[in-house]
Amino acid sequence: MGLPVFLADFGGDLPAAGARVTVDGPEAKHMSVRRLAAGAEVLLVDGEDRRARARIVLSDGPSRVQCEVLESGVVPRPAPHVTVVQAIPKSDRAELAVDLMTEAGVDAIVPWAARNCVAKWTGAKAGKARAKWASAAREAAKQARRAWIPPVAELHATGQVVELVRDVV
């Protein structure tokens with residue numbers, strides 16, 4: 001089994017071997033829940049293209065963990081680039097769809113308000129639903145050990161989807 005994957009903010013540059021990276025917030029809490037202590041190795045990713053194998057050197061409780069980078073690198077974006085346009089499904093099927101797409105390797109997800117969709121994203125619900133999709137993509141990317149987290153676009157109407165496809169074809 002591979003090393004556990006956690007999101008980290010590397011700042012501007014890729015950290016070199018020996019550099020210290022601080023993991024805080026929910027990711028540090030997750031490390032604490034998994035009972036990872038000093039000496040444990042983890043895989044840190046930034047969600048864009050950078051990955052670092054690191055060793056936990058200090059845990060300041062459940063909210064902050066210091067890691068020392070053992071090796072790091074840039075993961076090239078896979079080819080071909082795959083964008084999925086997903087009509088809004090009913091109930092919790094949306095998060096499952098995003099989860100499966102992310103684990104399968106999609107590069108971008110576009111929510112689509114199709115004319116015949118039963119579920120509707122209106123007003124404040126649109127922002128909340130998009131945030132849930134983004135969270136599902138983030139967690140699925142960690143589960144799939146991906147260095148890339150697929151972005152979830154704003155809700156698209158049918159005309160916008162047609163333009164998106166026209167730009168690609």
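Read-outs throughout are calculated quantities, based only on the coordinates presented, and are distinct from any laboratory measurement. Computed from a predicted model, the values in this text were never measured in an experiment. Please note: Cβ atoms are built from the backbone with ideal geometry, for glycine as well, and neighbour counts cover all protein chains shown.
Got a sec to turn the phi values of the range 80-89 into Karplus ³J(HN,Hα) couplings, 6.51 cos²θ - 1.76 cosθ + 1.60 with θ = phi - 60°, whole Hz, x for Gly and Pro?
x, 6, 10, 10, 10, 9, 10, 5, 6, x
How much length is gained on full extension from residue 53 to residue 83, taking 0.36 nm per residue of separation minus their Cα-Cα distance?
7.9 nm
For the chain, give me the percentage of DSSP beta bridges that are antiparallel, rounded to the nearest 5 percent.
Given both bridge residues lie in the chain, the antiparallel proportion sits at roughly 65 percent.
Tabulate in residue order the Karplus-calculated ³J(HN,Hα) for the range 137-150, using 6.51 cos²θ - 1.76 cosθ + 1.60 with θ = phi - 60°, rounded to whole Hz; enter x for Gly and Pro.
Here the 3J(HN,Hα) series is 5, 4, 5, 5, 5, 5, 4, 7, 6, 8, 7, 9, 9, x Hz.
So, in the chain, how many Lys pairs have Cα atoms under 21 Å apart, if the pair is 8 or more places apart or on different chains?
9
Which option, (1) 17.4; (2) 20.2; (3) 16.0, is the value of Kirkwood radius over Cα pairs in Å that was calculated from these coordinates?
Recomputing Kirkwood radius over Cα pairs in Å here gives the entry labelled (1).
Once you have the Cα-Cα distance between residue 3 and residue 144, take 0.36 nm times their residue separation minus that, and quote the gain in nm to one decimal.
49.6 nm
Along the range 101-117, what does the Karplus equation 6.51 cos²θ - 1.76 cosθ + 1.60 (θ = phi - 60°) give for ³J(HN,Hα), rounded to whole Hz, x for Gly and Pro?
After applying 6.51 cos²θ - 1.76 cosθ + 1.60, I find 4, 5, 5, 6, x, 5, 9, 7, 10, 10, x, 10, 8, 5, 4, 9, 5 Hz.
Going from the alpha-carbon gyration tensor of the range 1-90, what semi-axes, largest first and in whole Å, does one get by taking the root of 5 times each eigenvalue?
26, 18, 11
Given a Förster distance of 35 angstrom, what is the FRET efficiency for residue 64 paired with residue 93, based on the Cβ-Cβ distance and rounded to 0.05?
0.45
Post the alpha-carbon centroid distance, the range 66-86 to the range 34-52, in whole angstrom.
With the range 66-86 and the range 34-52 each reduced to a Cα centre, they are spaced 14 Å.
Using a 10 Å cut-off on Cβ atoms, rank the peptides 133-140, 20-27 from the highest mean neighbour count down.
Put in order of decreasing packing, that is 133-140, 20-27.
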